[in-house]
1. Specify which of the listed residues (A:250, A:245) is without any contact (Cβ under 8 Å) to a residue 40 or more places away in the chain, aliphatic (A, V, I, L, M) and open to solvent by 30 Å² or more (accessible area, probe 1.4 Å).
2. Does any residue in the stretch A:1-30 that is within 20 Å of residue A:101 (Cβ to Cβ) come within less than 9 Å, Cβ to Cβ, of a residue that is loosely packed, with under 14 Cβ neighbours inside 10 Å six or more places away or on a different chain, and which pairs are these?
3. Those residues that are at negative phi and among the hydrophobic types (A, V, I, L, M, F, W, C), I need them from the stretch B:259-281; list them, please.
4. Which residue, of B:252, B:181, B:236, B:210, is assigned by TED's automatic domain parsing to the domain that holds residue B:66 and farther than 29 Å from residue B:129 by Cα?
5. One residue is enough: does the stretch B:82-93 have a residue meeting the conditions closer than 17 Å to residue B:232 by Cα, open to solvent by 20 Å² or more (accessible area, probe 1.4 Å) and more than 9 Å from chain A (Cβ to nearest Cβ)?
6. Select from the stretch B:127-153 the residues that are outside any loop (DSSP other than H, G, I, E, B) and within 14 Å of chain A (Cβ to nearest Cβ) and write down the one among them that is farthest from residue B:114 (Cα to Cα).
7. Among the listed residues B:99, B:38, identify the single one that is in contact with a helix residue (DSSP H, G or I) (Cβ under 7 Å, 6 or more places away or on another chain) and of a type in the set (Lys, Arg).
8. If you scan the stretch B:95-126, which residues turn out to be within 27 Å of residue B:32 (Cβ to Cβ), more than 9 Å from chain A (Cβ to nearest Cβ) and either open to solvent by less than 10 Å² (accessible area, probe 1.4 Å) or assigned to a strand (DSSP E or B) (or both)?
Amino acid sequence: MNLNLFSKEMRSNAFSMILWMVIISFLVAFTMSVFPTFLENQSKVMGMMSLVPKGALQFKGISDVADLASALGFYAINNVIYMMVLGSVFSIVLSCNILLKEEYGKTAEYLLTRPLTRNNIFFTKLAVVILCIFLLNLVTALAGFISLKIVQKEAFPVSAFLVLSVYTFLLNLLFAALGLFMSTLVKRPRPITTFGIALVLVFYFLFTISKITENASQIGYLSPFKYVRTDVLNKSYGLGSWHLLYFSGLSLVLITIAYRLYRRKDIYT
Amino acid sequence: MIITKLDFYWVYSKYIHNKAIKFNCMSHPVIDISHLTKYYGKTRGIENVDLQVHEGEIFGFIGPNGAGKSTTIRLLLNLIFPGSGSARIMGMDVIRETKKIKNFVGYVPSDANAYSSMKVGYFLRYCMRFYDFKQDEERLTELSEWFELDLDRKITELSMGNRKKVSIIQSLLHRPKLLIVDEPTTGLDPLMQSQFFELLRSENRKGMSVFFSSHILSEVQLLCKRVAIIKDGKIVQLEDIETLRKKQLKKVHIEFSNPEDKANFSIPGAENMIPRMDNILSFMYSGDISELISRIAPGKITDLTIEEPSLEEIFMHYYQ
């Protein structure tokens, strides 16, 4: 790893990272601020929800309406949209660009002519991606935790909150690995940001579609969102070893392939 | 004077660095390319290129656009990988020992795009920090003053010429033993071009070798001792610049007032005569210019142009 490159990359990504932190934290806090009002009108809202078709509720990420009555349940349902989807968009945008921007930005000729190996460059940039995603998750989870503490009527299980945060982090990391992998496949230098964002949204769409009808339930297994457990109020809720293996194993495989491709990649500007 | 531990390491690392270069340069050419071939899919990049550049040499590498100059340079810098063949810099393999090599090599890319959001000074210091030396502010000041470059401006605000200056300075900051330049004068005004050439000569006198790639024959002739001409991915000629100079051609274009004068005109050394209209004659001339003028003088002419032929025309002349 090269510290000079690391600090330059952290600097150049700091602004967008902070912007994403602020936006996601604000959305989480804002949504949680609605919770007390929701509780006050719980019976009315629940009555209205009973009229909504189950599929539509599932589409919104609500598997059990009763979950909404708990602060953590309410947080988990909304967390999927903000922290998981938006966090994954941030992760894939960051990782798609971190290597590729040197090519389409025509700076590769400066970076790759320094006394660095491709390994140095790859792992330094990977470290930047991981750190940025970690910091984003840390700050947004803190915003979520503080919001929960403020709006809670009764204590919520912190361990479940932590497990949900770990799932979010692992999901974001998987999308980062996917972005890195895709960027090493690109032959001619051009940004693939739009493609990356579209991929996250398609996976999320597949996941939600799979929850609406039984017929489409198998499609969900194609999406990484399917492997995130959000049933925080379930007594058996925890970090399943299969889930952990799925996220870390797939991420590791994608990163390893990306690394091997990048080592032998022809760099054009 | 207090010598700190850091100073000691710096002096020691410079000693080791110089010793390593001396050792490598004594026993190997600075650049040694052997049967180097690169194809982009089915498209030819370069084919079987063999080339040696000696220590302390300013070596010219000329050819028209698309001839394979940049491909050769990219292979030397390990930006791309060869299909076959090998290349060594200072005796070190350009793929396996690329990191070591790049401690001693500077590179001026043809496209002068740096990190546009950075300030010039920040970018140049960032470049310096990649090397094993202590930050050399003296060197930075010396080079920026040479090129009259403001370090506090943002790169994005700079003109093309000033960006080129940034590109040149970054390549020289670590006092490389070999400088590879790819079309370095694009965007530089004539005064800056001559400043740059002067700097190259001065660094060359201190021991820096230069691999100078260009499609402009005149600037290669001005600087280099030897030159390789690349065409369609192959080295078609590798010769001393003096030999090339002796072969120097001029492209002559005469517009006679009287078509009869044109019909009677002849001169030894004129080749590829192309009659255009009744009174216009174009040809390639290698010989004494005063002889040419004296042959033209008896007739009446309305226009005379004597210019340097393009590389393409030289290729046509010599290698057809």
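1. Result: A:245 is the single residue among A:250, A:245 that is without any contact (Cβ under 8 Å) to a residue 40 or more places away in the chain, aliphatic (A, V, I, L, M) and open to solvent by 30 Å² or more (accessible area, probe 1.4 Å).
2. A:12/B:117
3. Of everything in the stretch B:259-281, those that are at negative phi and among the hydrophobic types (A, V, I, L, M, F, W, C) turn out to be B:263, B:265, B:267, B:270, B:273, B:274, B:280, B:281.
4. Unique residue meeting the criteria: B:236.
5. Yes, the conditions are met somewhere in the stretch B:82-93.
6. Result: B:128.
7. One residue alone meets the criteria, B:38.
8. B:108
The values are calculated or read from the model by the stated rules, or taken from the named source; none is laboratory data. The model shown is predicted, which means the values in this text are computed figures rather than measured ones. Please note: Cβ atoms are built from the backbone with ideal geometry, for glycine as well, and neighbour counts cover all protein chains shown. With ligands, DNA and RNA removed, areas are computed over all heavy atoms of the protein, side chains included. Shrake-Rupley method; radii C 1.70, N 1.55, O 1.52, S 1.80 Å.
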